[in-house]
Amino acid sequence: MTAPHLPKVAGIDSPVPAPAHTSAPVAPSALAGENTGPAPTTAALPAPATGPPGEPPLSPLALNALVQDRLAGWIYDLTTLQELTERLARTGTLDDALHELLRAGSTLVGARRGLVTLRPDDGLAPPVTVGLGLGRSDLGHIETIPRPASSAPPSPGAPPSYGQLLDDLPPVGNRSGTAHPDIAGEDGLDPRYREVAARLGYAASYAVPLESDPPGPPAGPEDATGRLGAAVWLYDEPAEPTERQRHLIGLYCGYATEHLARLVELTRARETIATLREELLPSRLPRVAGVRLAVRHRPGPRGGGAWYDALPLPEGALGLAVGGITGSGPSAVAAMGRLRASLRAYAVMEGEDPVAVLSDLELLLRLTEPARAATALFAYCETVEDPLTGDRARKVVLAGAGHCPPLIIGDHRTEYVETSLSAPLGMLACWEAPSVEIEPAPGETLLFYSDGLLHRTGEAMDRAFTRLHKAAASVPRALRHDPEAIADHVLRAVLPPERPAEPLAGTAGAAGTDGERDRAAAGALTAAAAATAGDSGEDVILLVAHFE
């Protein structure tokens, strides 16, 4: 009788490894997906295929049962790895990925606690350590474990050491793990190691390096991929992972290292953009007699082009501006900085005429940034004196280009300032719109905001405007003279924690009054400009000006 061939799964022609409940170990090439040629016959199976010594050979039925048992174990391992790697791939932040790595590793090696630390070889990022089932004090105790005698002495400014838990790993290029199956009874360990283990209640450990495969065959040791960090799992009782578990955690950590490396680079890029953006925005708000200012800025994840400004102008006047430019990333942040600097120059020269300021800004944008569009709102605030009575009052002249209108809050009113509907800068051959003049009474407050504040509500634009209006109207009277408290209250009411952090596409809904239709249309224009950039999370800016 011809011996049966082993079935093939997912196009992999490798020998079938043993599952967890069989005695045969997993072949390292099996889960790695190596092609070892055509499927072997029963003559190529291990010794159990012929039965124990003195016993007759296994019947075809028993042999098929054995093959199916081993194949089921192999499929189970592959399915487990696939599920765990998919969960890891869905993480979008470094912290979430590290926690997921620890949870998946504890499942694969059968441990309950662990920690992972990232220490990139380039030294461009501070070390990051995350624990599973370990508090800050526990991590502090582990840091007191002395380094092994074989490790190099720490350099000045080196990250915290975790002693023989992580510092006695094999050299770079060797991704095998290090096990301490019985810390209390193992010779050669530092007494402090045993003391910390007894204090924290773990009896064994298994550590693996986080080291990715090089992109191609290395030409020499200098071409080897650097080590990103290491992870260790702690057992409550003396234990050691099996060969199968070591192989599974090795495969998983290889993929996890690639994912973590990408997140580290992404985190660095985001931090660089955030630093650049903060340097391009005002470092502090000016102090102008009769006006108190407050601002809240929540940058988006990709680094958007929203901006604000508050600058003192000649003769005791004050200029307030808020706007945004299409795009995201470093180029949008740089363009935002150029636009804001230009507006400051125009405001100093002709700030009393906001229409002229925005007209000059639109011409500059068309000439220097022809591929971009921008929204902007500029307000010129000054104190005027009545020549007959001598009374002094505040006057605010403002003009907007495709930007959402400001909101005025007072004891007797909470309403939007009805600005003329106009297109964003850079969308028409020539921009022009009339200005609007208002006189805020003492004790009233003006709110300037970015369209990202409305988009992040996740609602249609008309509902977002209504939500913002209700939030402003609900400011307690006791807080209406504190711009900081007003800003915090409005943000909490408009963007509560349960609301989605990412903005959803908003559309202008039906409105009853002309003012509501204008605000909805202005929101649609700014939403269209933001959609051009393809942002997944826009900047939120809220600038509060309280008139005393």
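So the values come out like this:
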| read-out | value |
| --- | --- |
| Search result, residues across segment 416-440 that are within 15 Å of residue 376 (Cα to Cα) and among the hydroxyl-bearing types (Ser, Thr, Tyr) | 419, 420, 422, 435 |
| Segment 125-139 residues that are farther than 22 Å from residue 227 by Cα, paired with ones that are at pLDDT 90 or above and in a strand (DSSP E or B) (beta carbon under 6 Å, 6 or more apart) | 133/113; 134/113; 134/115 |
| Residues located in segment 338-356, provided they are of a type in the set (Asp, Glu) and open to solvent by 70 Å² or more (accessible area, probe 1.4 Å) | 352 |
| Tabulated pairs, segment 90-106, first within 13 Å of residue 130 (Cα to Cα), second charged (D, E, K, R) and surrounded by fewer than 19 Cβ atoms within 10 Å (Cβ to Cβ), C-beta under 9 angstrom, 6+ apart or interchain | 96/90; 100/87; 100/90; 103/87 |
| First in segment 340-369 and farther than 21 Å from residue 312 by Cα, second anywhere and open to solvent by 30 Å² or more (accessible area, probe 1.4 Å) and in a helix (DSSP H, G or I), Cβ under 8 Å, 6 or more apart | 368/338; 369/338 |
| Filtered residue count, segment 441-460, keeping only those that are under 18 Å from residue 378 (Cβ atoms) and either open to solvent by less than 10 Å² (accessible area, probe 1.4 Å) or among the polar types (S, T, N, Q) (or both) | 5 |
| Subset tally (residues that are over 19 Å from residue 424 (Cα atoms), in contact with a strand residue (DSSP E or B) (Cβ under 7 Å, 6 or more places away or on another chain) and of a type in the set (Gly, Ala, Ser)) for segment 327-360 | 1 |
| Boolean, residue 302 is open to solvent by 50 Å² or more (accessible area, probe 1.4 Å), over 22 Å from residue 407 (Cβ atoms) and modelled with pLDDT of 90 or more | no |
| Which numbered condition residue 308 misses (of (1) surrounded by fewer than 18 Cβ atoms within 10 Å (Cβ to Cβ); (2) within 21 Å of residue 456 (Cα to Cα)) | (1) |
| Selection count where residues are over 26 Å from residue 334 (Cβ atoms) and either under 18 Å from the mean Cα position of the chain (by Cα) or at pLDDT below 85 (or both), scope segment 256-295 | 6 |
| Single match in 139, 115 (criterion: modelled with pLDDT of 90 or more, in contact with a Leu (Cβ under 8 Å, 6 or more places away or on another chain) and closer than 23 Å to residue 98 by Cα) | 115 |
| Test for residue 405: is it of a type outside the set (S, T, N, Q), more than 20 Å from residue 468 (Cβ to Cβ) and modelled with pLDDT of 90 or more | no |
| Residues that are open to solvent by 60 Å² or more (accessible area, probe 1.4 Å) and under 17 Å from residue 264 (Cβ atoms), drawn from segment 62-92 | none |
| Of residues in segment 408-440 being of a type in the set (A, V, I, L, M) and closer than 21 Å to residue 307 by Cβ, the one most open to solvent (accessible area, probe 1.4 Å) | 427 |
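So that you can scan it fast, the table gives a plain yes or no per residue for (1) assigned to a helix (DSSP H, G or I); (2) of a type in the set (A, V, I, L, M):
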residue	(1), (2)
230	no, yes
233	no, no
259	yes, no
269	yes, yes
272	yes, no
285	no, yes
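The values are calculated or read from the model by the stated rules, or taken from the named source; none is laboratory data. Being a predicted model, the structure only gives us computed values, none of them experimental. FYI the Cβ positions are ideal-geometry reconstructions off the backbone, even for glycines, and counts take in every protein chain you see. Surface accessibility is based on the protein's heavy atoms, side chains included, excluding ligands, DNA and RNA. Shrake-Rupley method; radii C 1.70, N 1.55, O 1.52, S 1.80 Å.
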